[in-house]
1. Restricting attention to the stretch 233-256, does a residue exist that is without any contact (Cβ under 8 Å) to a residue 12 or more places away in the chain and not aliphatic (A, V, I, L, M)?
2. Take the residues in the stretch 235-253 that are crowded, with 20+ Cβ neighbours inside 10 Å and charged (D, E, K, R), then tell me which one is nearest to ASP313 (Cα to Cα).
3. Applying the selection to the stretch 360-374, what residues are assigned to a helix (DSSP H, G or I) and out of contact with any Leu (no Cβ under 7 Å at 6 or more places or on another chain)?
4. Just checking, how many residues over the stretch 184-234 are buried (at least 16 other Cβ atoms within 10 Å of the Cβ) and of a type in the set (S, T, N, Q)?
5. So which residues in the stretch 186-211 are in contact with a Lys or Arg (Cβ under 6 Å, 6 or more places away or on another chain) and aliphatic (A, V, I, L, M), if there are any at all?
6. From the list VAL358, VAL349, VAL377, pick out the single residue that is under 22 Å from the mean Cα position of the chain (by Cα), modelled with pLDDT of 95 or more and within 20 Å of VAL278 (Cβ to Cβ).
7. Among the residues of the stretch 120-158, write down those that are more than 18 Å from PHE197 (Cβ to Cβ), in contact with a strand residue (DSSP E or B) (Cβ under 9 Å, 6 or more places away or on another chain) and among the polar types (S, T, N, Q).
8. Return the total of residues in the stretch 311-332 being at pLDDT below 95 and either on the phi > 0 side of the Ramachandran plot or touching a helix residue (DSSP H, G or I) at 6+ places or on another chain (Cβ under 6 Å) (or both).
Amino acid sequence: MRIAHITAGAGHMYCGSCLRDNLLAAALLDAGHHVVLIPTYTPTRPEGRDVSIDRVYLGGINVFLQEHFPFFRRTPRALNRLLDAAPLLRLATRRGVSVDPHQLGRLTVSMLRGADGAQHRPVLELIRFLADDVSPDIVSLPNSLLIALAPAIKRELSVPIVCTLQGEDAFLDSLGEPFRLEALQLIREHAAAVDGFVAVSEYGADRMGEYLGIERSRIHVVPVGIDFDGHARAGLDHEPFTIGYLARIAPEKGLHVLCEAYRRLRAAPGCPPSRLLVAGYLAPEHRSYLSGISQQMASWGLDGHLEYRGAVDRAGKLAFLRDLSVLSVPSPQPTQKGQFLLEAMASGVPVVEPRLGVFTEVVENTGGGILTDPGDVDALVRGILALWKDAGQRKQLGAAGYEGVRARYGVSRMVARLMEVYRSLPGKPAVSGS
């Protein structure tokens, strides 16, 4: 099958959606399909083999300039190509990319106008590339924020279109009015041009169906799959007892909640020597958030207990996981992917998570952790303390997660499920090899 798989680059950030798209494209290539992985906004930053094409479409610099300066909507194509050059985009994003939705409302709505928006030239250029150079049997969009491509692709190519849903609701809810309502209306209008939607979890399918007004029968669940290469069982007997956090450093991911739980844990009678290890992308707008947490820890007499290891690459992540006794990312709001849980379990690390969104789904599917009442910091403390006190339970949950994630969340299962979805689409192409 010839698959045009569009992905949304995130600059220097290790983005869960980007990692999934690259891993999926690589696995489809290995299965004999002809896959063209097309970056948009910025080049991708995968952990392993990069299978994306060299060129970036809808480059972030052009998209921004064309939105705010009408002159750039008429500039020569050669200048646009220069501004879309991968080296320039990498240079522009080397100090981080702001993902603050409060600053991106106008641009989001403009992008959702597609061929009718300020970025109509790069949109049409991407579609010409698909038609003239790729000639795909199917086109895959990475999220609903790029769904405006669907009507134009359908008119030009007349092939099935799939749109993945990866938790855009949180971003859209933060846009502020009138941008949130305008964005939702445009997404719902463009949804008619999509032949099938793919959610990365059962929770995500239910949530996005309700949120976007899409019939649940049109949404297929293809759980995230991860690459187990390099994941070895963590020892779990580390001294000091080590609590890990592996996610973006942002309030909605709950690092401040974990630090408050850690403060209460340290006050518990007989608490062992312990520490917090933290890793994940830190956006420019959240540097003060991390600084504030560090100051708070110091005011509690816990200076030096929190170690931030930065946005680790794959080797750094695997080493990070090997150092953990337990992982907890106590996000106060439901999420749809939970990739960090799968990665922890792949290394045999048990997790303690609130009973929210995909956390419930993953823990119940694998048996690899403890679920606590949402918003209850004391319950989080009790869950972590239980694993400290009972090494047998810690190892039992770690082993269950290690086996459970391999049974249900491998790359091969993700690919097989996606091909089932492709076969079910109206006007489906043949699904033999390339």
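1. no
2. Among residues in the stretch 235-253 that are crowded, with 20+ Cβ neighbours inside 10 Å and charged (D, E, K, R), the one nearest to ASP313 (Cα to Cα) is ARG248.
3. GLU361, GLU364, ASN365, THR366
4. Final tally of qualifying residues: 1.
5. ALA193, VAL200, listed by residue number.
6. VAL349
7. Listed by number, the list holds a single entry, SER135.
8. 1
The values are calculated or read from the model by the stated rules, or taken from the named source; none is laboratory data. For clarity, every value in this text was computed on a predicted model and none was experimentally measured. Here the Cβ is made from the backbone with ideal geometry for all residues, glycine too, and neighbour counts use every protein chain on show.
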